[in-house]
Amino acid sequence: QVQLAESGGGLVQPGGSLRLSCVVSRSISRNYMLGWYRQAPGKQRDMVATITSGGPTKYSDSVKGRFTISRDNAKNTVFLQMNNLKPEDTAIYFCNAVLQGVTFWGQGTQVTVSS
């Protein structure tokens, strides 16, 4: 069983920044697709950003140019740097790992953007 633990959420004003971290309980040095998803109240869970084991990234149109996903294989950690945050970014953010077709999720961390 793979466990994922997110941290770094909180309350921030519009235009501010947060950095989310997700520690994976197993080595992520190969074959893991890692990602961040978010779910706002009353809405479905949507992809925010993904990063492959080789490094290529993908972003949703709503966060392009503002968010950056990265990974540190030595620390089994994936990050999401979020800049210029907007109220519509408010959601629970979930870390995701896919290995050989099996998907694992973290418990989520709340991000609230409000003045």
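Quick notes
- Taking a Cβ cut-off of under 13 Å around residue 27, the surrounding Lys, Arg, Asp and Glu residues balance to a net charge of +3, with basic ones at +1 and acidic ones at -1.
- Heavy-atom accessible area ranking, 1.4 Å probe, most first, across 46, 61, 72: 61, 46, 72
- Accessible surface of residue 58, taken over heavy atoms with a 1.4 Å probe and every protein chain present, rounds to 120 Å².
- In order along the range 66-72, phi translates into HN-Hα couplings of 10, 10, 9, 9, 8, 9, 10 Hz, rounded to whole numbers, per the Karplus curve 6.51 cos²θ - 1.76 cosθ + 1.60 with θ = phi - 60° and x for Gly and Pro.
- All lysines inside 21 Å of residue 58 as judged from Cα atoms, apart from same-chain residues fewer than 8 positions distant: 86
- Placed amide H near residue 26: partners under 5 Å, 5+ positions off or other chain: 3
- The range 1-114, relative contact order [Cα under 8 Å, separation at least 6], %: 37
- Simple Cβ-charge dipole of the chain, Lys/Arg +1 and Asp/Glu -1, about Cα centre, in debye nearest 20: 180
- Taking the centroid of alpha carbons for each part, the range 1-72 and the range 80-95 are 9 Å apart.
- Theoretical FRET efficiency, 1/(1+(r/R0)^6), r = Cβ-Cβ of residue 84 and residue 53, R0 25 Å, to 0.05: 0.30
- Among 76, 17, 42 the positive-end extreme of the charge dipole of the chain (Cβ point charges): 76
- Share of carbon and sulfur in the accessible heavy-atom surface of the range 7-115 [1.4 Å probe, %]: 47
- For residue 38, the accessible area of its heavy atoms, probed at 1.4 Å with every protein chain present, is near 40 square angstrom.
The values are calculated or read from the model by the stated rules, or taken from the named source; none is laboratory data. Treat the numbers as computed from the prediction; the structure is a model and nothing was measured. No Cβ is skipped: glycine too gets one built from the backbone with ideal geometry, and neighbour counts run over all protein chains shown. Each accessible area value is taken on the protein alone, full model and side chains, heavy atoms only, with ligands, DNA and RNA left out. Shrake-Rupley method; radii C 1.70, N 1.55, O 1.52, S 1.80 Å.
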